[in-house]
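Each value in this text was obtained by applying a stated rule to the coordinates, not by laboratory testing. Just so we're clear, the structure is a prediction, and the values are computed from it rather than from any experiment. Note: ideal-geometry Cβ built from the backbone for every residue, glycine included; neighbour counts use all protein chains shown.
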Amino acid sequence: MERASSVEFLGKRIARWTDRSDTIETAIPGLTLWRRNEPTELTCGMYEPSICLTAQGAKRVVLGNDVYVYDPQNYLIASVDLPSVWQVTEASRGCPYLGLVLKLNQREITQLMADSHLPAPRTQQPSRGMATGAVTPPLVNAFVRLMELLDSEEDIPILAPNIQREILYRLLVGDQGARLRQIAVAGSQSQQIARTIEWLKMNFTQPLRIDDLAARAGMSPSTFHHHFRSVTALSPLQYQKQLRLQEARRLMLAEHLDAATAAFQVGYESPSQFSREYSRLFGAPPLRDINNLRQVTVGDGI
């Protein structure tokens, strides 16, 4: 099946499964389907290690000063957790944005590299943890077969892991394969940064000490700071700040905490500093932003 017809078929599958909700966590572990019926505002969020495929429409992601656009011709790949700003740029009720996200597992990547005897990337210098790549017929055909399993959920535990392994293989031998291999190579600078990012995710409420993070990565503070920014487009402090603010937003929206309590829980000592930095990231003070989000949710019937 040619790429164009495969992408069209994939879009029909996504449209069918998202006809009642714009975001679906499927029965296949790590696979999420998306639909948007109109372009969206700029939205802050976390991109986990994943491949993002668009069957219809287009989406734009801003990471630091870098801009990535993905559409039916180009996928987006994130090799580490990255706080980003995204926006659906092409969508309408007659031609909605249709896409999917499949999470990537570093251990599975490492195991597949070993089983396939794939060479390590030539360079050990960390590269940006996000990129776009060309959608190929073998890659999209594998996603079509993965989506077909949703019609026979009893087959998912047996067949889905094999298809997901094939998708990983297509990525590893594709034009962005070296980026994934960097993260998976034991002892590489990219893997050391990835491990530090994982630690930061679990400990973002604690005071940030660059010397301690650098020691954890086995680097000097200046080398660590340089490589961290190379991968994430952010300094460690900016990265921690985004983690804190996004978690505070979740606490206020989902658990109905007030701004001061949420700020304290994510590690802020000054409510005024929290409000300033929150407004800078999300475009409005905490109370107004949360009220706006709740109105949108009610209006969309979610």
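The table below gives the values:
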item: For segment 240-300: span of alpha carbons on each principal axis (Å, largest first); result: 34, 21, 18
item: Distance between segment 72-107 and segment 1-58 - C-alpha centres, whole angstrom; result: 7
item: Computed label-point distance, nm, for sites Ser230 and Asn105 using a 7 Å Cα→Cβ extension; result: 3.0
item: Residues His225, His256, sorted so that the one with the fewest Cβ neighbours within 10 Å comes first; result: His256, His225
item: Arg60, Arg181 arranged by Cβ crowding within 10 Å, fewest neighbours leading; result: Arg60, Arg181
item: Segment 189-237 - convex hull of alpha carbons, volume per residue in Å³; result: 63
item: Percent breakdown of C-alpha pair distances by 10 Å bin, ordered from the shortest bin, for segment 52-156; result: 12, 35, 37, 14, 2
item: For the chain, with +1 on Lys and Arg beta carbons and -1 on Asp and Glu, the positive-most of Val101, Ala178, Gly45 along the dipole; result: Ala178
item: Loop-resident sites, segment 66-140, for trypsin sites (Lys or Arg not before Pro), counting at most 14 other Cβ within 10 Å (DSSP); result: Arg93, Arg122
item: Volume per residue of the C-alpha convex hull in segment 6-82, rounded to whole Å³; result: 109
item: Residue order, fewest to most surrounding Cβ atoms within 10 angstrom, among Thr136, Thr196; result: Thr136, Thr196
item: Pair Ser220, Ala178: separation of 7 Å Cα→Cβ label points (nm); result: 2.6
item: Sites Ser116 and Arg93, calculated FRET efficiency, Cβ-Cβ separation with R0 41 Å, nearest 0.05; result: 0.40
item: Gain on full stretching of the segment that runs from Ala15 to Cys44 - 0.36 nm per residue minus C-alpha separation; result: 8.0 nm
item: Longest exposed-site-free window of the chain, the sites being GluC sites (Glu not before Pro) in a DSSP loop that have at most 12 other C-beta atoms within 10 Å; result: 42-254
item: Surface/4 estimate of mean projected area, convex hull on alpha-carbon atoms of segment 3-184, nm²; result: 10.1
item: Neighbour-limited loop hits for trypsin sites (Lys or Arg not before Pro), segment 207-289 (at most 16 other Cβ within 10 Å; DSSP other than H, G, I, E, B); result: Arg209
item: Total charge dipole magnitude, segment 240-300, about the Cα centre, Cβ charges on Lys, Arg, Asp, Glu only, Debye to nearest 20; result: 180
item: Length-normalised contact order of segment 3-184 in % [C-alpha pairs under 8 Å, at least 6 apart]; result: 25
item: Segment 194-302 shape via C-alpha gyration tensor axes, a/c threshold 1.5; result: prolate
